[in-house]
Structures are given as structure tokens and as C-alpha cells.
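A quick write-up on the structure given underneath.
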Amino acid sequence: MHKLECVAMVAYGENWCPSETVRLVARIIMKQRVTTERTPSERLLLLKEFESHLDKMDSEKDEMNQADIAALHHFYSKHISDIPDDQALTELFAQVNCNGFTIEDEELSHLGSAVFPDVALMNHSCSPNVIVTYKGTVAEVRAVKEINPGDEIFNSYIDLLYPTEDRRERLLDSYFFTCQCTECTTKSKDKEKMEIRKLSSPPEPEEIRSMVHYAKNVIEEFRRAKHYKTPSELLEMCELSQEKMGAIFADTNVYMLHMMYQAMGVCLYMQDWDGAMSYGEKIIHPYSVHYPAYSLNVASMYLKLGRLYLGLEKKTQGVKALKKALAIMEVAHGKDHHYVAEVKREIEDQK
């Protein structure tokens, strides 16, 4: 598969810049050429049987799809003969967008994208009973709750930090369904996730709505700003937004946590270890409350904090944080995973 890309990469040099989705689709087309039998991950569902939801796509998604098709032709047409027609490509891109998986490492750094047809059969729940983790190019599905024979297996398609309304919006936008899971119908965690600062005179509902609107806008603005602002400008953006939201939201509010997490990422990039550590310390406890048990988000935060502590020669705190990460990872990744072995080694090295 890489031979195809290597030739194209060399031909384009510095101008080689197809998106991850385009690269994935190109590989799928090539793989389907050379593999006529079912692949190991297609035991129950063939990739061509994926749901595409083409009938539900709005003009914006359609435009993105067309841009991807144009990029595929641009970067690969000289290297893939007989590229499928635009109708087939429109469907294939829509299928990949609805059924693709993001591959991440133990600290949730982005590694790539893939499709796993059998794993894609699982429905979503905001209170999942399994977690999908990765060992090389293999997806592993592991139970994080007791599952009885006949029970349905539920995975989560999205980040579960946010309140019900946000999760439902995201699921409807990306996967075209309205979630009716227990968590969405009871909204049991919404009050804690939307914690308001204790003030002598409580804010009016309209003030809270206005601040939520501001928070959503600043999150989107920050996502775009990552492409053109300097790290110090990004950090300032995080700090100013926290200051503004902090007039109404408690520090445990998920919108505050979102900007703290972004600030921590910028601090790590700038090698401001103390700054990153102080943000991590503010984030970790609320994360443990807001996320389900055995969450990879909580494990990765303990891991980041543990490694920061050790780097700053805070050995006791470092080992304690790594052990908490390990307890989650042994369930989520499995005891025989190389990430687990790595963390165990880090703990051993401190003895």
C-alpha cells in the first residue's frame, strides 16, 4: 500500500498535502483492487455495505465531499488507474466519514484514521460498556462494564465530556441520529458538568445561556486559531476566555475545562512544564467525575501529569499519578498491551 503513496509523495515533494481521509480512501481503493476476498475485519460486514447517509447530507458536507474527491484526483490520478467515478467516490467518502475511527496513542495524541468494518457495527451510547483501543493496526474491543449474554454492545463515537445538548448536536451532525441512551434521557451528569460559580446573587438564566453561547464560539474560534496564531497568542486566548467564563462558570464546568485542556497543550508545546502541571492538576479531578469509569481521557491525563511530575522531580506524586493511569489502562488496553508495559517500566524505574 505504501508503494503507491511513496511514488506520489516523491512526485509532489513539499506540495504533498492530501487530508487523512483522502489518504485513507486512496488506500481503500487500492486494497479493494488486490483483495477480492473478505478481509479479517469484514467477517460480519463488508466495507461496501457501510451506511453512507448521503440523503441526509447538507450542502456544506457535500462541498467538503467534493473537495476531497478533487484532492484524490489531484494527488493520486497519475498513480491509481481507473479511479472510481464521482458517484462511487461520493458514496465511499461519505461511508468513511460516518464509519471511520481516529487512532490515538496512550496520551491521546492523534496517529491516524482507519476503518474497521466489524467494529463499526456497534451502536453508540454516552454510557458505553466497551472501549475501542488499538494495538498497531488492530482495533481491540474491551468491556468496561459487566456485560450479560444477550446484552447489546455499546461503544462511544464522541468525546463524552460535554452536556447532553452538545453531545446530541455532535452526534446528529456527524452520524445523523438523535441519541436516546440512558445518559441522554436522564441527563444525570448535566448539572455537575454545567456547574455555576457560587455568587452572592445567582446569575439569571439568560446570562448563563449567553455565556454558553460565548463558550461554544470561543472553542470553535480556538480550533481555527491553532492554524495561524503563535503559541503565546493561543495561550493568551485561553487565559482571557477562562477569565470571562469564570465570572459565571465554576472551574469544574466543562467549558472551563475545555479551555484549560487547550492551555495545557500549549504549555506542553512551549515546554512550560510548571504551567502544564498546574492546568493538569485543575483538570484531573473534574475529569474523573464527568467521564465514565475507565475513560481513556482520564487515563491520558493521569499519564501526562505523572510524566510531568517525574520530569519536575516530584517522584511521589509522579508514581501515584502513573499508578492511577495504569489501573484504567489495564482494563481499557489490556494487561498485555505494550503501553501498559511501558508505564509499568516507568514506575519500576522510580524504585
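Quick look at the numbers
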{"read-out": "Magnitude of the charge dipole, the stretch 140-271, Cβ model with Lys/Arg +1 and Asp/Glu -1, debye to 20", "value": "80"}
{"read-out": "Kirkwood-based shape ratio for the stretch 70-115, expressed as Rg/Rh from alpha carbons", "value": "1.10"}
{"read-out": "Sites residue 344 and residue 104 - FRET efficiency at Förster radius 25 Å, r taken between beta-carbons, to 0.05", "value": "0.80"}
{"read-out": "Long-range Cα-Cα pairs in the chain (distance over 36 Å), rounded percent", "value": "29"}
{"read-out": "Kirkwood-based shape ratio for the stretch 81-152, expressed as Rg/Rh from alpha carbons", "value": "1.06"}
{"read-out": "Space enclosed by the convex hull of the alpha-carbon atoms of the stretch 208-351, per residue, Å³", "value": "115"}
{"read-out": "Part-to-part distance (alpha-carbon centres) for the stretch 117-152 and the stretch 30-101, which is given in Å", "value": "24"}
{"read-out": "Per residue solvent-accessible surface (Å²) - the stretch 236-351, probe of 1.4 Å", "value": "45"}
{"read-out": "Relative contact order (%) - the chain, alpha-carbon pairs under 8 angstrom, separation at least six", "value": "13"}
{"read-out": "Helix-derived mean residue ellipticity, 222 nm - over the chain, DSSP H n ≥ 4, -39500 (n - 2.57), to 500", "value": "-18000 deg cm²/dmol"}
{"read-out": "Spatially close lysines, pair count over the stretch 153-256: Cα under 28 Å, gap of eight or more or interchain", "value": "18"}
{"read-out": "Among 43, 142, 167, residue whose mean-square fluctuation peaks in a GNM of the chain (springs only between Cα atoms under 10 Å)", "value": "43"}
{"read-out": "Dipole of the stretch 62-120, positive direction: furthest Cα of 75, 111, 65, with charges on the beta-carbon", "value": "75"}
{"read-out": "Where Rh is the Kirkwood radius over Cα pairs, Rg/Rh for the stretch 108-199", "value": "1.01"}
{"read-out": "Ordering of 291-302, 273-284, 79-90, 232-243 by packing [mean C-beta count within 10 Å, highest first]", "value": "291-302, 273-284, 232-243, 79-90"}
{"read-out": "Dipole moment magnitude, nearest 20 debye, the chain about Cα centre, only Lys, Arg, Asp, Glu C-beta charged", "value": "1000"}
{"read-out": "27 Å Cα-Cα reach of residue 335 towards lysines, excluding residues that sit fewer than 8 places from it in its own chain", "value": "135, 145, 304, 314, 315, 320, 323, 324, 344, 351"}
{"read-out": "Dipole in debye (nearest 20) - the stretch 49-102, about Cα centre, beta carbon charges: Lys, Arg +1; Asp, Glu -1", "value": "260"}
{"read-out": "Percent RCO, i.e. relative contact order, over the stretch 171-275, from Cα pairs under 8 Å lying at least 6 residues apart", "value": "32"}
{"read-out": "Sum of side-chain charges, residue 79 neighbourhood, beta-carbon under 10 Å (Lys, Arg +1; Asp, Glu -1)", "value": "+1"}
{"read-out": "Kirkwood Rh (inverse of mean 1/r, distinct Cα pairs), the stretch 216-289, angstrom", "value": "12.4"}
{"read-out": "Packing-based ranking, highest mean first, of 314-320, 259-265, 182-188 given that Cβ atoms within 10 Å are counted", "value": "259-265, 314-320, 182-188"}
{"read-out": "Separation of alpha-carbon centers, the stretch 283-311 and the stretch 321-351, rounded to whole Å", "value": "13"}
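The values are calculated or read from the model by the stated rules, or taken from the named source; none is laboratory data. The model shown is predicted, which means the values in this text are computed figures rather than measured ones. Cβ sites come from the backbone with ideal geometry, for glycine too, and all protein chains shown count toward neighbours. Ligands, DNA and RNA are stripped out before the accessible areas are found, and what is left, the full protein with its side chains, is counted by its heavy atoms. Shrake-Rupley method; radii C 1.70, N 1.55, O 1.52, S 1.80 Å.
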